[in-house]
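Undergrad: Can you read through this structure? Questions will come right after.
The values are calculated or read from the model by the stated rules, or taken from the named source; none is laboratory data. Just so it is clear, the structure is predicted and the values come from calculations on it, not from any experiment. Here the Cβ is made from the backbone with ideal geometry for all residues, glycine too, and neighbour counts use every protein chain on show. Remember, those area values only see protein heavy atoms, side chains included, never the ligands or the DNA or RNA. Shrake-Rupley method; radii C 1.70, N 1.55, O 1.52, S 1.80 Å.
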Amino acid sequence: MGMADPQANGNANGDGFSKYSRYQKMGTELREEGEEIQNQQSKSLTSNKYVLACAIFASLNSVLLGYDVGVMSGAILFIQKDLKISQFQEEILVGCLSIVSLLGSLGGGRTSDAIGRKWTMGVAAMVFQTGAAIMAVAPTFTILMVGRLFAGIGIGFGVMIAPVYIAEISPAVARGALTSFPEIFINFGILLGYVSNYVFSGLPIHIGWRVMLAVGILPSVFIAGALFIIPESPRWLVMHNRIDEAKFVLLKINENESEVEERLAEIEEAAGTKNPDKKYEDKATWYELLRPSPIIRRMIITGLGIQCFQQITGIDALVYYSPTVFKKAGIEGDEAVLAATVAVGFTKTIFILVAIFLIDRAGRKPLLYVSTIGMTVCLFGLAITLALLSHGLSSKEFGIGLAILMVCGNVAFFSVGIGPVCWVLTSEIFPMRLRAQAAALGAVGNRVSSGLIAMSFLSVSEAISVAGTFCLFGFISALAVAFVYFLVPETKGKSLEEIEMLFQDASDSQSGEVEMGDVERLVQKE
């Protein structure tokens, strides 16, 4: 037998050692990669929790609006009996809140640019709290209206600033869901208002409605605490040349430091802080909104239009006057009527939660289609049901059941689409220098539309019947479907800076429909 070749044996041992070293190195790299992924996931989870907390705290003001809307629908039944007010005074009391709130919305844009987004929320809560306290102790209709004035101004501030703040602090991938939080909290407030009506309806008439209104002060306590927890908007900080503070906030809401640098550069570019000739002096002015360029004009039409359609389709008529609608359907007794409104409140709240899970998955536009088409069907269905009941062509039990189903269906479709998406779009589509003022303009359109509907519903219903009024709302809702098709772009997954480019491209192409590939094509051009 021959001896084994030492060279060959050495090579074999060398190869084995080399393979072992490579495997050991690969194992070390895999462990390091795994640890890095785990660290990134941990950072992502922490930042997501932080952004979520900011969105929740920023949305607390919306509870005030929702509670006022919900509680007034039942409180007005007792205010009528206690203060002996007329139908005209009832319409003014219910509807003036939305009209007056435009004062807060108009001032909110300028105020938020001056003192910051989060402190504007504090001003909103303080003013509303003053109004709620005055209303709770009002001995006459006049004093009640004074309190309503303060409450309306506070709501105007709050309703425009919360979506702006959340949009500016949220990452693009979750911005839709987070920016819909104010609408969720409005619905939660409405539900609380309905429940409050039902719970306190057994109190003496002159005490019950006062307690109902006074409970609305409580959320302000939580808002005061929230102001010391949430940070200022990084985009507002950049506009005021507080770059280091903006970077600190971005590091809290983004897990990737390179992504933070990139996002900060984009914000600085949009704000003009890198150009000494374009600093914050180039900030938003009403002149630019009132004399807009073609691109800004299209943004205004989209933003203001969707805000107005949200209200002129009659949602506040159903929310404020649902007791009146249910009485027309044949439900008897205040307690039974208020119990039916609680069912409406639960439906509205549940379906707004559905919208959260879908808005960043399905997109804004598909939800708007489902919402406006569904509302159209339900509004026409409610009109037909009430018409059949008024002419005795339907059994009372079947008619009441169908009326409740149509009302609940309408608020469900509203909550899953146009309710939250309207605020998301308005906070997304405008360039940073105009965002606060444009959001204020959109909120003004929303509140004026709401006020006109609330202040005219009883009079219009008396003129053309309740059934005829909801048939009119049905036709308006059908127009909203066409508006969405021709004028609303899809903004899902795009950064706020990319959306501005999206409108730029849409304006250049003169197209009413914006495709998902617009931004990518623009980037390729560059």
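Undergrad: Filter region 435-453 down to residues that are touching a Leu at 6+ places or on another chain (Cβ under 8 Å) and under 18 Å from residue 319 (Cβ atoms), then give me how many there are.
TA: Result for region 435-453: 4.
Undergrad: Would you confirm whether or not region 228-242 contains a residue that is assigned to a helix (DSSP H, G or I), out of contact with any strand residue (DSSP E or B) (no Cβ under 7 Å at 6 or more places or on another chain) and open to solvent by 20 Å² or more (accessible area, probe 1.4 Å)? Spell out how you get there, then give the answer.
TA: First, pick out the residues of region 228-242 that are assigned to a helix (DSSP H, G or I): 234-239.
Within this subset, residues satisfying the condition of being out of contact with any strand residue (DSSP E or B) (no Cβ under 7 Å at 6 or more places or on another chain) are 234-239.
Next, only the ones that are open to solvent by 20 Å² or more (accessible area, probe 1.4 Å) stay: none.
No: zero hits.
Undergrad: Might you check whether a residue that is open to solvent by less than 20 Å² (accessible area, probe 1.4 Å), in contact with an Asp or Glu (Cβ under 8 Å, 6 or more places away or on another chain) and among the β-branched types (Val, Ile, Thr) occurs anywhere in region 352-374?
TA: Yes, there is a match, as at least one residue in region 352-374 is open to solvent by less than 20 Å² (accessible area, probe 1.4 Å), in contact with an Asp or Glu (Cβ under 8 Å, 6 or more places away or on another chain) and among the β-branched types (Val, Ile, Thr).
Undergrad: Residue pairs, Cβ under 7 Å, 6 or more apart or interchain, first in region 418-435 and over 13 Å from residue 181 (Cβ atoms) and of a type in the set (Lys, Arg), second in a helix (DSSP H, G or I) and open to solvent by less than 10 Å² (accessible area, probe 1.4 Å). List them.
TA: Partner pairs satisfying both residue conditions: 435/164.
Undergrad: Just need a number here: residues in region 156-197 that are more than 30 Å from residue 430 (Cα to Cα) and either touching a Ser or Thr at 6+ places or on another chain (Cβ under 8 Å) or among the charged types (D, E, K, R) (or both).
TA: First pass over region 156-197, keeping only residues more than 30 Å from residue 430 (Cα to Cα): 191-197.
If we keep only those that are either touching a Ser or Thr at 6+ places or on another chain (Cβ under 8 Å) or among the charged types (D, E, K, R) (or both) as well, we get 191, 193-194, 197.
So the count comes out to 4.
Undergrad: Looking for whichever is crowded, with 24+ Cβ neighbours inside 10 Å and closer than 23 Å to residue 338 by Cα here; the options are 185, 157. Which one fits? Please lay out each step first, then the result.
TA: Details: 157 fails: closer than 23 Å to residue 338 by Cα.
Exactly one of 185, 157 is crowded, with 24+ Cβ neighbours inside 10 Å and closer than 23 Å to residue 338 by Cα, namely 185.
Undergrad: Right, another one. Condition first: assigned to a loop (DSSP other than H, G, I, E, B), within 19 Å of residue 59 (Cα to Cα), open to solvent by 30 Å² or more (accessible area, probe 1.4 Å) and at pLDDT below 85. Can you find one or more residues in region 201-215 that meet it?
TA: Narrowing region 201-215 to residues assigned to a loop (DSSP other than H, G, I, E, B): 201-204.
Narrowing further to those that are within 19 Å of residue 59 (Cα to Cα): none.
No; the residues of region 201-215 include none that is assigned to a loop (DSSP other than H, G, I, E, B), within 19 Å of residue 59 (Cα to Cα), open to solvent by 30 Å² or more (accessible area, probe 1.4 Å) and at pLDDT below 85.
Undergrad: From the set of residues in region 140-172 that are in a helix (DSSP H, G or I) and among the hydroxyl-bearing types (Ser, Thr, Tyr), which is nearest to residue 436 (Cα to Cα)? Lay out the reasoning, then the answer.
TA: First pass over region 140-172, keeping only residues in a helix (DSSP H, G or I): 141-169, 172.
Remaining after also requiring among the hydroxyl-bearing types (Ser, Thr, Tyr): 142, 165.
On the way: 142: 34, 165: 9 Å.
Of everything passing the filter in region 140-172, 165 is nearest to residue 436 (Cα to Cα).
Undergrad: Residue pairs, Cβ under 9 Å, 6 or more apart or interchain, first in region 441-465 and of a type in the set (Asp, Glu), second at pLDDT below 90. List them.
TA: Partner pairs satisfying both residue conditions: 462/87.
Undergrad: Regarding region 125-148, can at least one residue be identified that is at pLDDT 85 or above, surrounded by fewer than 24 Cβ atoms within 10 Å (Cβ to Cβ), of a type in the set (Phe, Trp, Tyr) and in contact with a helix residue (DSSP H, G or I) (Cβ under 8 Å, 6 or more places away or on another chain)?
TA: yes
Undergrad: Would you mind stating whether residue 162 is out of contact with any strand residue (DSSP E or B) (no Cβ under 6 Å at 6 or more places or on another chain) and surrounded by fewer than 22 Cβ atoms within 10 Å (Cβ to Cβ)? Walk me through how you get there before you give the answer.
TA: Details: out of contact with any strand residue (DSSP E or B) (no Cβ under 6 Å at 6 or more places or on another chain): yes; surrounded by fewer than 22 Cβ atoms within 10 Å (Cβ to Cβ): no.
So residue 162 does not fit the description; no.
Undergrad: Hey, another quick one. Among the residues in region 72-95, are any under 19 Å from the mean Cα position of the chain (by Cα) and open to solvent by 20 Å² or more (accessible area, probe 1.4 Å)? Working first, answer last.
TA: Filtering region 72-95 for residues under 19 Å from the mean Cα position of the chain (by Cα) gives none.
No.
Undergrad: With the condition kept exactly as written, say whether any residue in region 86-94 is without any contact (Cβ under 8 Å) to a residue 40 or more places away in the chain and not in a helix (DSSP H, G or I).
TA: Yes, because at least one residue in region 86-94 is without any contact (Cβ under 8 Å) to a residue 40 or more places away in the chain and not in a helix (DSSP H, G or I).
Undergrad: What do you reckon, is residue 367 over 13 Å from residue 416 (Cα atoms), of a type outside the set (Phe, Trp, Tyr), in a helix (DSSP H, G or I) and touching a residue at least 12 places away in the same chain (Cβ under 8 Å)?
TA: Values: over 13 Å from residue 416 (Cα atoms): no; of a type outside the set (Phe, Trp, Tyr): yes; in a helix (DSSP H, G or I): yes; touching a residue at least 12 places away in the same chain (Cβ under 8 Å): yes.
No.
Undergrad: Is it true that residue 175 is open to solvent by 10 Å² or more (accessible area, probe 1.4 Å), part of a helix (DSSP H, G or I), over 16 Å from residue 57 (Cβ atoms) and touching an Asp or Glu at 6+ places or on another chain (Cβ under 9 Å)? Please lay out each step first, then the result.
TA: Numbers: open to solvent by 10 Å² or more (accessible area, probe 1.4 Å): no; part of a helix (DSSP H, G or I): yes; over 16 Å from residue 57 (Cβ atoms): yes; touching an Asp or Glu at 6+ places or on another chain (Cβ under 9 Å): yes.
Against the criterion (open to solvent by 10 Å² or more (accessible area, probe 1.4 Å), part of a helix (DSSP H, G or I), over 16 Å from residue 57 (Cβ atoms) and touching an Asp or Glu at 6+ places or on another chain (Cβ under 9 Å)), residue 175 does not qualify.
Undergrad: OK, next. Of the residues that sit in region 243-260 and are in a helix (DSSP H, G or I), at pLDDT below 80 and open to solvent by 60 Å² or more (accessible area, probe 1.4 Å), which one is nearest to residue 170 (Cα to Cα)? Give the steps one after another, and end with the answer.
TA: Applying the first criterion (in a helix (DSSP H, G or I)) to region 243-260 yields 243-253, 257-260.
Then keep just the ones that are at pLDDT below 80; that gives 253, 257-260.
Those left that are additionally open to solvent by 60 Å² or more (accessible area, probe 1.4 Å): 257-259.
Values: 257: 16, 258: 17, 259: 14 Å.
This residue is 259.
Undergrad: Given the structure, is residue 122 assigned to a helix (DSSP H, G or I), modelled with pLDDT of 85 or more and either open to solvent by 60 Å² or more (accessible area, probe 1.4 Å) or not acidic (Asp, Glu) (or both)? So that I can check it myself, show each step before the final result.
TA: Numbers: assigned to a helix (DSSP H, G or I): yes; modelled with pLDDT of 85 or more: yes; either open to solvent by 60 Å² or more (accessible area, probe 1.4 Å) or not acidic (Asp, Glu) (or both): yes.
Considered against the rule, which asks whether it is assigned to a helix (DSSP H, G or I), modelled with pLDDT of 85 or more and either open to solvent by 60 Å² or more (accessible area, probe 1.4 Å) or not acidic (Asp, Glu) (or both), residue 122 comes out as yes.
Undergrad: Something else: For the subset of region 439-495 comprising residues that are of a type in the set (S, T, N, Q) and buried (at least 17 other Cβ atoms within 10 Å of the Cβ), which member is nearest to residue 158 (Cα to Cα)? Spell out the reasoning first.
TA: Kept after step one, since they are of a type in the set (S, T, N, Q), are these residues of region 439-495: 446, 449-450, 456, 459, 461, 465, 469, 477, 491, 495.
Okay, now just the ones that are also buried (at least 17 other Cβ atoms within 10 Å of the Cβ), so 446, 449-450, 461, 469, 477, 491, 495.
Values: 446: 13, 449: 17, 450: 16, 461: 31, 469: 30, 477: 27, 491: 24, 495: 24 Å.
In this case the residue turns out to be 446.
Undergrad: Residue 155 fails exactly one of the following numbered conditions: (1) free of Cβ contacts under 8 Å to residues at least 24 places away in the same chain; (2) touching an Asp or Glu at 6+ places or on another chain (Cβ under 8 Å); (3) closer than 25 Å to residue 353 by Cα; (4) not small (Gly, Ala, Ser). What is the number of that condition?
TA: Only one criterion in (1) free of Cβ contacts under 8 Å to residues at least 24 places away in the same chain; (2) touching an Asp or Glu at 6+ places or on another chain (Cβ under 8 Å); (3) closer than 25 Å to residue 353 by Cα; (4) not small (Gly, Ala, Ser) is unmet by residue 155, namely (1).
Undergrad: What is the residue count in region 331-351 for residues that are open to solvent by 60 Å² or more (accessible area, probe 1.4 Å) and among the aliphatic types (A, V, I, L, M)? Can you show your working first?
TA: First pass over region 331-351, keeping only residues open to solvent by 60 Å² or more (accessible area, probe 1.4 Å): 332, 335, 346, 350-351.
With among the aliphatic types (A, V, I, L, M) added as a condition, the list becomes 350.
Residues in region 331-351 being open to solvent by 60 Å² or more (accessible area, probe 1.4 Å) and among the aliphatic types (A, V, I, L, M): 1 in total.
Undergrad: Can you tell me which of 301, 306 is open to solvent by 70 Å² or more (accessible area, probe 1.4 Å) and modelled with pLDDT of 85 or more?
TA: Working: 306 fails: open to solvent by 70 Å² or more (accessible area, probe 1.4 Å).
Residue meeting the stated conditions: 301.
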